[in-house]
1. Return yes when Thr93 is loosely packed, with under 11 Cβ neighbours inside 10 Å and more than 18 Å from Gly31 (Cβ to Cβ) and no when it is not.
2. Only one of these is β-branched (Val, Ile, Thr) and farther than 15 Å from Lys83 by Cα: Thr47, Thr30. Name it.
3. Identify, please: which residue in segment 26-44 is part of a loop (DSSP other than H, G, I, E, B) and at negative phi and is, among those, nearest to the chain's Cα centre (by Cα)?
4. Being in a loop (DSSP other than H, G, I, E, B), out of contact with any Leu (no Cβ under 9 Å at 6 or more places or on another chain) and not aromatic (Phe, Trp, Tyr) is the requirement here; does Thr14 meet it?
5. Does segment 62-76 hold any residues that are in contact (Cβ under 8 Å) with a residue 12 or more places away in the chain, of a type outside the set (Phe, Trp, Tyr) and either touching a strand residue (DSSP E or B) at 6+ places or on another chain (Cβ under 6 Å) or surrounded by fewer than 10 Cβ atoms within 10 Å (Cβ to Cβ) (or both), and which are they?
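Bear in mind that the values in this text are calculations on the coordinates, not laboratory data. What you see is a predicted model, and the numbers here were worked out from it, not measured in a lab. With ideal geometry, Cβ positions are generated from the backbone for all residues, glycine too; neighbour counts draw on all protein chains shown.
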Amino acid sequence: MISIFEPGDTIQFTFVSSVAPDSAPIFKVTGIADTVIASLTSVQSTTTAFYAMYTIPTSEGFYIGEWVAQKTVNSSAYNFVKKFVFRAETTKTP
């Protein structure tokens, strides 16, 4: 299911992992044309939970949210990537 947000609203996006990443994950937002709109370093809540506050673009349409984190184990780096689609759409009253 695609989440729908009101343009201009500020939303808290969260990242939770089963292991602590090497550093705070990055939250990136791109447009459908794969243009990067925002890239934010997250804020740590616990060793495995992070969040980023993001203001939804005022242009209605579809966007891609992406979390990227890395964990190094025995000199091997593993990337954690979580992508999702969301939509900015103005609420219409009947």
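1. Spelling it out, Thr93 is indeed loosely packed, with under 11 Cβ neighbours inside 10 Å and more than 18 Å from Gly31 (Cβ to Cβ).
2. Selected residue: Thr47, the only one of Thr47, Thr30 that is β-branched (Val, Ile, Thr) and farther than 15 Å from Lys83 by Cα.
3. The qualifying residue nearest to the chain's Cα centre (by Cα) is Ser42.
4. So Thr14 does not fit the description; no.
5. Once the filter is applied, which keeps residues that are in contact (Cβ under 8 Å) with a residue 12 or more places away in the chain, of a type outside the set (Phe, Trp, Tyr) and either touching a strand residue (DSSP E or B) at 6+ places or on another chain (Cβ under 6 Å) or surrounded by fewer than 10 Cβ atoms within 10 Å (Cβ to Cβ) (or both), segment 62-76 yields Ile64, Gly65, Glu66, Val68, Ala69, Gln70, Lys71.
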